[in-house]
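The values are calculated or read from the model by the stated rules, or taken from the named source; none is laboratory data. Just so you know, these numbers come straight off a predicted model, no measurement behind them. Here the Cβ positions follow ideal geometry from the backbone for every residue, glycine too, while neighbour counts run over all protein chains shown. With ligands, DNA and RNA removed, areas are computed over all heavy atoms of the protein, side chains included. Shrake-Rupley method; radii C 1.70, N 1.55, O 1.52, S 1.80 Å.
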Amino acid sequence: MRSAVVIADTTAPADVHGVHGAAGVTQWTCLARRAGLAGDWEAVEWARVPPGGISGEHLHTRTREVYVLLAGEGEVTLDGRRHAVRAGDAVLTAVGARHGLRNTGAGPLEWLVIELPAERGGDGADGGGGAGVGGAVGSTVVRDLRRTGPLDPSAVIGGPLRLLRHVELATGEREFLLAEGVEHTVFVIGGHGRAGTGNVRVPLRPGTAVTLPLGTALDLVAGPGGLAHLHAELVPGPSRGGEPR
């Protein structure tokens, strides 16, 4: 069992100007990327815009993308339709779709991004019949993951991301994740706790992300007051041979 998990947080974001042609500044952090992972994660990222801020509308020709709203209120434009969104909602964007995001609230708008490359020619999960490269199935807004329950994004946008869920652990409650045949990423939304892998112990607080390459494991323990996190699970394709890049 390996112990080389990827740990990152949002404490020192970069200021990015003119994201997708929009005016203003977006704060951005990359939490994990394809290097060191076996699966087709393009990247796991965090972003924030101030009140009135915009992530400009753009066409997805190369990647599928999942947004999970973490804080604030906004409006997403998805294939020409406007949808009010708020913390807890998820936006699934297929290859060939167009989306943009605007902060309509009084405070910052924050979201987690899970980006996945398109698979040219499609695969069994994509199902065909969709728009654009890679046989995407479609795009949608999912209301409040906390109430919706575990979600299989591949049923909407195709691809290897098979699980997205909101998890709440009570004080002292544990969860064990094993990256055997799948890879995981966890992002802490609220509360505190700790994560352990091998001899490594990591304090968990809002904004901490832990990503598990194949062959690793993680033990999560909620601290006083509990721990809330997002959990995503990706199935590496057979072409990866089970080894990190």
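Checked against (1) open to solvent by less than 30 Å² (accessible area, probe 1.4 Å); (2) touching an Asp or Glu at 6+ places or on another chain (Cβ under 8 Å), ALA179 meets all criteria but (2). Entry remark, region 224-245: residues being open to solvent by 10 Å² or more (accessible area, probe 1.4 Å) and either over 27 Å from TRP28 (Cβ atoms) or modelled with pLDDT under 95 (or both) number 13 in total.
Out of GLY191, GLY138, GLY172, GLY132, which single residue is in contact with a His (Cβ under 8 Å, 6 or more places away or on another chain) and either modelled with pLDDT under 95 or on the phi > 0 side of the Ramachandran plot (or both)?
Details: GLY191 fails: in contact with a His (Cβ under 8 Å, 6 or more places away or on another chain); GLY138 fails: in contact with a His (Cβ under 8 Å, 6 or more places away or on another chain); GLY172 fails: in contact with a His (Cβ under 8 Å, 6 or more places away or on another chain).
It is GLY132.
If I ask for residues that are part of a strand (DSSP E or B) and either open to solvent by less than 10 Å² (accessible area, probe 1.4 Å) or within 25 Å of VAL235 (Cβ to Cβ) (or both), which ones from region 205-222 would you list? Within region 205-222, THR208, ALA209, VAL210, THR211, LEU212, ALA217, LEU218, ASP219, LEU220, ALA222 qualify.
Considering only region 1-118, give the strands (runs of 3 or more DSSP E) lying wholly within it that have at least 3 residues that are open to solvent by 30 Å² or more (accessible area, probe 1.4 Å) and either among the aromatic types (Phe, Trp, Tyr) or over 20 Å from VAL182 (Cβ atoms) (or both). Full working, then the answer.
Working: elements: 6-9, 14-17, 25-33, 43-49, 54-59, 63-71, 73-78, 81-86, 90-93, 98-103, 109-117.
Answer list for region 1-118: 14-17, 25-33, 54-59, 81-86.
Selection of region 149-169 for residues being aliphatic (A, V, I, L, M) and either open to solvent by 30 Å² or more (accessible area, probe 1.4 Å) or on the phi > 0 side of the Ramachandran plot (or both) yields ALA155, VAL156, LEU163. Here is the figure for region 189-213: residues that are more than 14 Å from the chain's Cα centre (by Cα) and closer than 23 Å to THR29 by Cα total 13.
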